[in-house]
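Visitor: First the structure, then my questions, so here it is.
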Amino acid sequence: MTASRHAYRAAIIHMLDDPASSAEQDSYEYFQDGLLVVSDGKIVQLGEAEQILRTLPADVPITHYPNHLLTAGFVDTHIHYPQTEMIASYGEQLLDWLNNYTFPTEQAFADADHAKRVATLFLDELMRNGTTTALVFGTVHPESVDAFFTVAQQRKLRMICGKVMMDRNAPDYLTDTPEQSYTQSKQLIEKWHHKDRLAYAVTPRFAPTSTPAQLDQAARLLSEYEGLYLHTHLAENKQECAWVSELFPTSESYLDVYKQHNLLGKRSVFAHGIHLNDTDCCQLRDSESAIAFCPTSNLFLGSGLFNLPMMEQHDVAVGLGTDVGAGTSFSMLQTLNEAYKVMQLQDAKLSPLKSLYLATLGGARALHIDDKVGNLTSGSEADFIVLDLNATPLISARMANASAIEEQLFVLMMLGDDRAIEATYVSGDLAWRKPSA
Ligand SMILES: [Zn+2]
């Protein structure tokens, strides 16, 4: 049976390992004239077009993308869908930004219709930007998570989301109780966790908005179900860090608050982690927890510069996050642009291959789904994107002087955004294609 097979011909690159921890030439595969063969939503073959075409049955349809670069779909390891319509809110750092903009915006997600409308807009935006998997914050309302998973399931997406747990230091209209947050999360887990390509994340917003009793309920949920995620924020802003040490005087550090409440582990993802010490890094590594590096957000809120080299030294898993709405772009290309500058300000380099790794396989590894997505190896789920090497007149002009694949990638990351995404495929189906000019 060849009827369900479909092949895609283009320049193709994907990552096999972290270029910082293996020999760079072994960390990726690149085919200048490549062919990707997909069947029943899975990747079944990848290689040089000429070689595969020798044995590929003639009835397998081929979609050709000349002057394009095909790669794995992007993995965004930290983003808030309810904040889609408050992106670009002026003037504040973290704590005032939450009080003045975020909390009033999140109030509206008690309404299921509103939640569904924004979830649809949000997932449209992810597709337009080539992001096929994300670890996503809902709001405190179970309706927000129901709406998100409903739309994601219809679109056959691999997505992770959870209801915010928040029982103090927030307006009454956005708080739950330890018991309520446990019960509501449990109901959502029963309904959505491991249904099709969906998974649930237990989501206390951050230490300041949860009592110790609520953090214990989060740990209880994690112990009761297989494969749940823990998704929260960590050491983003200095004022926030000082507040945490006041609220939890017996903890040795911000991370130690989560550790004392048994929230570290495989599939625990902490956004930001800007203000950490060596002990924290060792605990992150030893527990197999991961950090989501969110450069546009860290710069926008003036939070600080993420120390990626320190994470590499300690072998801490790191993914890339847009952190919309504190992040200023849904585009992982633009996010890598800012990541590069964050490294430059610390006299460090972020290579194009390491960048592609962070946006694809590195994120999948941080989420422990690298056996399913993150690259284009045979057997992987067919989530992939096609990048346009002539997306804008400037990119086109610059590409004329870029022959090496690393240089082409770098140009896309510095100059590219949603306009550079020609097409996004999910489970082997076309999910979005750029309108022809
Ligand atoms: Zn966030």
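The values are calculated or read from the model by the stated rules, or taken from the named source; none is laboratory data. Being a predicted model, the structure only gives us computed values, none of them experimental. Neighbour counts run over all protein chains shown; Cβ positions are idealised from the backbone, glycine included. The area values use the complete protein model at the heavy-atom level, side chains included, leaving out ligands, DNA and RNA. Shrake-Rupley method; radii C 1.70, N 1.55, O 1.52, S 1.80 Å.
Visitor: Do you know which residues across the range 54-93 are open to solvent by less than 10 Å² (accessible area, probe 1.4 Å) and not aliphatic (A, V, I, L, M)?
Guide: Correct list: 65, 71, 73, 74, 76, 77, 78, 80, 81, 82, 83.
Visitor: Go over the candidates 412, 376, 389 one by one and state the one that is touching a strand residue (DSSP E or B) at 6+ places or on another chain (Cβ under 7 Å) and open to solvent by 10 Å² or more (accessible area, probe 1.4 Å).
Guide: 389
Visitor: So the check is Cβ under 7 Å with 6+ separation or different chains; which pairs have a first residue in the range 274-288 that's among the acidic types (Asp, Glu) and a second one that's part of a helix (DSSP H, G or I)?
Guide: 280/255
Visitor: Restricting to the range 290-331, count the residues that are under 15 Å from the mean Cα position of the chain (by Cα) and either within 17 Å of residue 255 (Cα to Cα) or within 16 Å of the ligand (Cβ to nearest atom) (or both).
Guide: 22
Visitor: Turning to a different aspect of this structure: For the range 64-77, what are the residues that are in contact with a Leu (Cβ under 6 Å, 6 or more places away or on another chain) and within 16 Å of the ligand (Cβ to nearest atom)?
Guide: The answer is 77, and nothing else.
Visitor: Another question, if that's okay. Which residues, counting only those in the range 129-183, are within 16 Å of the ligand (Cβ to nearest atom), under 30 Å from residue 412 (Cβ atoms) and among the small types (Gly, Ala, Ser)?
Guide: 134
Visitor: Which one of these does residue 143 not meet: (1) open to solvent by 10 Å² or more (accessible area, probe 1.4 Å); (2) under 25 Å from residue 273 (Cβ atoms); (3) in a helix (DSSP H, G or I); (4) touching a helix residue (DSSP H, G or I) at 6+ places or on another chain (Cβ under 6 Å)?
Guide: (2)
Visitor: Would you point out which residue out of 135, 121 is under 21 Å from the mean Cα position of the chain (by Cα), modelled with pLDDT of 95 or more and buried (at least 18 other Cβ atoms within 10 Å of the Cβ)?
Guide: Exactly one residue qualifies, and that residue is 135.
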